[in-house]
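The values are calculated or read from the model by the stated rules, or taken from the named source; none is laboratory data. Bear in mind that the values here come from a model prediction, so they are computed numbers and not experimental data. What goes into the accessible areas is simple: the full protein's heavy atoms, side chains included, and nothing from ligands, DNA or RNA. Shrake-Rupley method; radii C 1.70, N 1.55, O 1.52, S 1.80 Å.
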Amino acid sequence: MADNKLVISILKKIGETIEEQKEYLTELDQPIGDSDHGINLARGFHEVAKKLPTLEDKDIGTILKTVGMALVSTVGGASGPLYGSAFMKMGMALNGRMELNLEDFLKAMDTAIEAVKQRGKSTVEEATMLDAMVPAAEAMKKAASEGSSKSVLEAGCRAAWAGAEHTKDLVATKGRASYVGERGLGHQDPGATSFSFMLEVVKDAL
Ligand code: ADP
Ligand code: MG
């Protein structure tokens, strides 16, 4: 499915997409948070982009661990340690690997979900990034028995966006959005949205 070079180019593209969507993600964070999600992630991926050229010949594990550490140390806000742990734990699971197949990717997604759950003490239906990540992982596992990597990622993206949309119907119980309680209804979670954009980049790269 992907070698280390493709992983690097996907990470670069994720950074570009986050930069393009910076304002939108920040606007989503306005009514339920503190208007910084896009700014936070763009700062983190800017740091990632600086590190990527030094990682060209490294294994996928090292690449993802380095990305995770860069996000933890630069993002600020809850999403930094959450996405940071997700990338670091995926990196640990893929230590030494120069290539990964679809099965590895699906396992890595589960690892990322576990990392966010553990770090955030959170689960689905709490209006967070997990509401895009978990349905996406489930849809991809279901699709994996039937079709190509591309069709699996397409199913994942559809489920991620549907999950992000569904956060409008949820009262947040974790993170800053929990402070606004029911006033958060009708608003889409920024983290579920940023995750959906990231998965979209992976799909387009295949
Ligand atoms: P902050 O909320 O500290 O300003 P960001 O705005 O960068 O940080 O990120 C907010 C996003 O982080 C939310 O939209 C949500 O998806 C995610 N998030 C916050 N807390 C948690 C948690 N405990 N578990 C999972 N995701 C969370
Ligand atoms: Mg915020």
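Numbers at a glance
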{"item": "Largest to smallest principal axis extent of the C-alpha atoms in segment 74-179, angstrom", "result": "42, 30, 19"}
{"item": "Largest-first ordering by accessible area, 1.4 Å probe, given options Leu206, Leu25", "result": "Leu206, Leu25"}
{"item": "With every protein chain in place, the chain: carbon and sulfur % of accessible area (1.4 Å)", "result": "52"}
{"item": "Principal-axis tilt of helix 190-205 within the chain, Cα atoms, nearest 10 degrees", "result": "30"}
{"item": "Probe 1.4 Å, protein heavy atoms only - accessible area per residue of segment 14-162 in square angstrom", "result": "46"}
{"item": "Kirkwood Rh, Cα atoms: Rg over Rh of segment 34-88", "result": "1.00"}
{"item": "Relative counts (whole %) of C-alpha pair distances in segment 1-142, using bins that are 10 Å wide", "result": "13, 40, 38, 9, 0"}
{"item": "Within the chain, helix-based [θ] at 222 nm, where runs of 4 or more DSSP H residues each add -39,500 (n - 2.57), nearest 500", "result": "-22500 deg cm²/dmol"}
